[in-house]
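Below is one structure, written out as structure tokens; comments come after it.
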Number of protein chains: 2
Amino acid sequence: MTATDRRLYLAASINSTGWAGSSWSWPGTQWNRFNDYRHYLRAAQLAHDGVLDAVFVSDHTALQKDNRSRPLHSFDPTVLFAALAAAVPDIGFVLTASSTYNAPYNLARRLATLDAISGGRLIWNVVSSFNPDIAANFGAAPLPPRADRYRRADEFIRVVKQLWLSWDRPAGDRPEGELWNESTARRIDHHGEFFDVAGPLNVPIGPQGHPVICQAGASDAGLDLAARHADLVYASLLGKQAAFDYGVEVRRRAAAHGRDPGTIRLLPGLAVVIADTREEANHRHEALNGAGGEEGLIAQFANRFGLTGTIDPDAVLDPALFAHRQQQDGAVGFIKAFHDLAATEEVTLRQLVRRAGGHRTVVGTPRDIADAIIDWWAAGVADGFIVHTPVLPEDLERFVAEVVPILQSEGVFPTEYREPTIRERFRLPFPAVRTPGTPPAVPAGR
Amino acid sequence: MTATDRRLYLAASINSTGWAGSSWSWPGTQWNRFNDYRHYLRAAQLAHDGVLDAVFVSDHTALQKDNRSRPLHSFDPTVLFAALAAAVPDIGFVLTASSTYNAPYNLARRLATLDAISGGRLIWNVVSSFNPDIAANFGAAPLPPRADRYRRADEFIRVVKQLWLSWDRPAGDRPEGELWNESTARRIDHHGEFFDVAGPLNVPIGPQGHPVICQAGASDAGLDLAARHADLVYASLLGKQAAFDYGVEVRRRAAAHGRDPGTIRLLPGLAVVIADTREEANHRHEALNGAGGEEGLIAQFANRFGLTGTIDPDAVLDPALFAHRQQQDGAVGFIKAFHDLAATEEVTLRQLVRRAGGHRTVVGTPRDIADAIIDWWAAGVADGFIVHTPVLPEDLERFVAEVVPILQSEGVFPTEYREPTIRERFRLPFPAVRTPGTPPAVPAGR
């Protein structure tokens, strides 16, 4: 693999005790490890052992309702990743933070600080928060309508980017007299629909210009936000054709916003259930879901995703089954993914339960997992994946020990870290200051 | 020194490049180190070498106006301290965060995460933010009036404490079926003047119950807030009598709020200028301030603190000189400290400039510094100090190498870390849950 080859990207989710709801109480594990820093440190170290590009956490600023499932979101991601950045070199951090329940100055500053401390290893995954339980922790007002949240998210990201580029990097010889002036630290004087922010930021421009932006767009407004701002696009994409179509659409929209579509990296979610044989993997998959067998898994899935009435598990699914749920106010990603899969492939419910547990799921041997990764990547359908393992740390350990070496021996995944910043690793351009009449703020002597 | 002896506490400020405005460009230093994580890591490691109880940063969420002085506040304190907590054991963290420009749920969660990751080493220094430059980064509204900010701060702290105690620590055997329930994770359903917060927090109760609270109260409203909530009280106190009076007052008010005044630790700020001789120390003091000599220092001081007209530098100061500045909307701490000193001691301007650069200042030999520390501590006027050194890291290195050993040889300061949490180190009681009808949430099996 040479530096100019296209290359596969892999990030590992280190949320809570794992992707499986049952992972907190999985035999042989410490049940309360979601509340133990050393647990996350171990997961990040494993990801580093596997030369993975980044670790990922999603976020939700409320205690989830389901108290039989692992608490998916507990530690604050900025604080957790700052600690991990001090302890683990090289690895990138895909950090989820909401544009609905933060102030842009505060968040811009926290992320700029983390990017500086980590030496340019930060990726901000912007979410607009979709849950009334979150809203209830931030005032008496109900959750804003989706359109408002996305307009706010767009303005939020624009303000944050301006703040990140508002101060040049203090580099080179010591300046005479003034440490900064109007040409090196500029006010932004933003006055918009949602925010009034004077600036400049009190943290200088970082080692990679500013953090890389990630966005998971599923609804029309979400897709448009991703097309406007995202360097990395994270999405639930269950079928190869559906993923291809999605990638074409997000890049088409990006081009319409004047962006180079070749700089967008598509990283669908990928949930893996690994075992020595496919039969063992299927059994593990059922056990992780607390289902006695495949029929139980099917019934559970139908219940979980609101598939009412009797569905023949071996009949081809009608995409209309999922269409009716797309208009509601919650997250549309997972339901839309079912719809798009059924609209582009002939798939039965029996097949679907093995292929989708929210994200694209692969249940099989390490070779099966590696082949599934390479299949989409080689076809140009995905640039990589955000990998969810059911039980942390044991399944991540297995992924690193048994799947990654196959990818490396196939020549599609690196065996060592090369680029110092995550922006360079993803081969993304450095941002340029867009304020007219001011000098470019690209970092000097990085 | 035995475990039951009263003991001296010392925290070191690691703000920016040092206490002196000139520290960024001080000869022999790297001018842009305020933007380098390794600089703060080095300072925290030095503090640890000195067995200091904690490191401290103040905060200000705007770029300061004075561009010839070191930028006092740059990196976000939660992110910086999370990284340091992963890298440096034992040391506590006095973290400043505003109750005016944060949401209580978000801040409670970040601080709870940091307390968990650090193993119970966090102290939250609550500030209500007093600067219009900060306000301009958070919307078009002007800075709220002082009284509103303090009412908001009081409600903010009450909400944050409730959130911190809303979920017990998941400890002991694995629970059956449900990971939590209403008796282990309680909604708080707060509806107040400023906040509506449902809870529970999504981070369990921490290793020390919750972070220790620190507050710097100078105005009447600030003093009252400290008396209601603060375990540690940080203040600018320039004279021994003024400090004694302040301690009596804050403890009297705490008792009036039903608190045990014996659990309050008073830690005034202490700025030190260390040299081998007093003469050298005086010269260093002048050089740090960019003054050619003592007369220049006096003129600079008069100008900085708005002392108009001609003042005989060798005449006893009239406290009325400072009284007129106490009613304004900004921070009243430093001006009030001058007033209280002049009201309780006969002091000239020539003496004042050596004793006060904002905080109590001692300019002298390591023995002079140690004696000044022991003097107030032994008299029960202070429980310890938050020490500001003019140039970081060199003056902190000197403090640790030359002042701390004197304090240790005098038997007033420990030679090793003993208590795992900062709450135990400060000999403070663990918080108890106050919600009627629920079991106490003190941590089990800490």
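The values are calculated or read from the model by the stated rules, or taken from the named source; none is laboratory data. Not measured: the values here are computed from a predicted model. Counting neighbours? That spans all protein chains shown, and the Cβs are built from the backbone with ideal geometry, glycine included.
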*Within region A:103-121, is there a residue that is out of contact with any Pro (no Cβ under 7 Å at 6 or more places or on another chain), over 20 Å from B:Pro77 (Cα atoms) and buried (at least 20 other Cβ atoms within 10 Å of the Cβ)?*
no
*Right, A:Ala43: closer than 29 Å to B:Tyr40 by Cα, buried (at least 24 other Cβ atoms within 10 Å of the Cβ) and either among the charged types (D, E, K, R) or more than 11 Å from every other protein chain (Cβ to nearest Cβ) (or both) or not?*
yes
*May I ask you to verify whether A:Ala141 is at the interface with another protein chain (Cβ under 9 Å from one of its Cβ atoms), of a type in the set (A, V, I, L, M, F, W, C) and part of a loop (DSSP other than H, G, I, E, B)?*
yes
_Within region B:166-175, take every residue that is more than 8 Å from every other protein chain (Cβ to nearest Cβ) and crowded, with 21+ Cβ neighbours inside 10 Å and give me the one that is nearest to the chain's Cα centre (by Cα)._
B:Ser166
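Residue-wise test of (1) hydroxyl-bearing (Ser, Thr, Tyr); (2) more than 7 Å from chain A (Cβ to nearest Cβ); (3) in contact with a helix residue (DSSP H, G or I) (Cβ under 6 Å, 6 or more places away or on another chain); (4) closer than 21 Å to B:His39 by Cβ.
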{"site": "B:Phe75", "(1), (2), (3), (4)": "no, no, yes, yes"}
{"site": "B:Ala82", "(1), (2), (3), (4)": "no, no, yes, yes"}
{"site": "B:Pro89", "(1), (2), (3), (4)": "no, yes, no, yes"}
{"site": "B:Ala103", "(1), (2), (3), (4)": "no, no, no, no"}
{"site": "B:Leu107", "(1), (2), (3), (4)": "no, yes, no, no"}
{"site": "B:Thr113", "(1), (2), (3), (4)": "yes, no, yes, no"}
{"site": "B:Ile117", "(1), (2), (3), (4)": "no, no, yes, no"}
_For region B:349-365, check the following and say yes or no: at least one residue is touching a Gly at 6+ places or on another chain (Cβ under 9 Å), modelled with pLDDT of 95 or more and aliphatic (A, V, I, L, M)._
no
*Of all the residues that make up region A:176-189, how many are facing chain B (nearest Cβ under 10 Å) and buried (at least 16 other Cβ atoms within 10 Å of the Cβ)?*
5
*asked:* Checking A:Gly290 against (1) assigned to a helix (DSSP H, G or I); (2) modelled with pLDDT under 95; (3) not aromatic (Phe, Trp, Tyr), only one condition comes out false. Which one?
replied: (1)
_Exclusive hit being within 27 Å of B:Ser219 (Cβ to Cβ) and surrounded by fewer than 18 Cβ atoms within 10 Å (Cβ to Cβ), set B:Ile335, B:Ile264, B:Ile311_ = B:Ile311
*Do the conditions hold for A:Asp133, that is, is it touching a residue at least 24 places away in the same chain (Cβ under 8 Å), under 17 Å from B:His190 (Cβ atoms), at the interface with chain B (Cβ under 10 Å from one of its Cβ atoms) and of a type in the set (Asp, Glu)?*
yes
*Kindly indicate which of B:Thr277, B:Thr310, B:Thr263 is among the hydroxyl-bearing types (Ser, Thr, Tyr) and closer than 27 Å to B:Val55 by Cβ.*
B:Thr263
*In the set B:Val88, B:Val79, which member is within 30 Å of A:Pro175 (Cα to Cα), free of Cβ contacts under 8 Å to residues at least 60 places away in the same chain and among the β-branched types (Val, Ile, Thr)?*
B:Val79
_Tally up the residues in region A:381-407 that are more than 24 Å from A:Thr29 (Cα to Cα) and either without any contact (Cβ under 8 Å) to a residue 60 or more places away in the chain or touching a Leu at 6+ places or on another chain (Cβ under 7 Å) (or both), please._
7
*From the list A:Arg149, A:Arg158, A:Arg169, which one is out of contact with any Pro (no Cβ under 6 Å at 6 or more places or on another chain), at pLDDT below 95 and basic (Lys, Arg)?*
A:Arg149
*asked:* Can you confirm whether A:Tyr105 is of a type in the set (Ser, Thr, Tyr) and at pLDDT below 95?
replied: no
*asked:* Just to verify a result, which residue in region B:381-410, among those that are out of contact with any Lys or Arg (no Cβ under 7 Å at 6 or more places or on another chain) and acidic (Asp, Glu), is farthest from B:Arg425 (Cα to Cα)?
replied: B:Glu394
*Count, please, the residues in region B:52-73 that happen to be of a type in the set (Phe, Trp, Tyr) and in contact with a helix residue (DSSP H, G or I) (Cβ under 6 Å, 6 or more places away or on another chain).*
0
*Can you tell me which of B:Tyr101, B:Tyr105 is in a loop (DSSP other than H, G, I, E, B) and of a type in the set (Ser, Thr, Tyr)?*
B:Tyr101
_Step by step: first the residues of region A:1-40, then only those that are of a type in the set (Lys, Arg) and out of contact with any His (no Cβ under 8 Å at 6 or more places or on another chain), then the one that is nearest to the other protein chains (Cβ to nearest Cβ). Which residue is that?_
A:Arg38
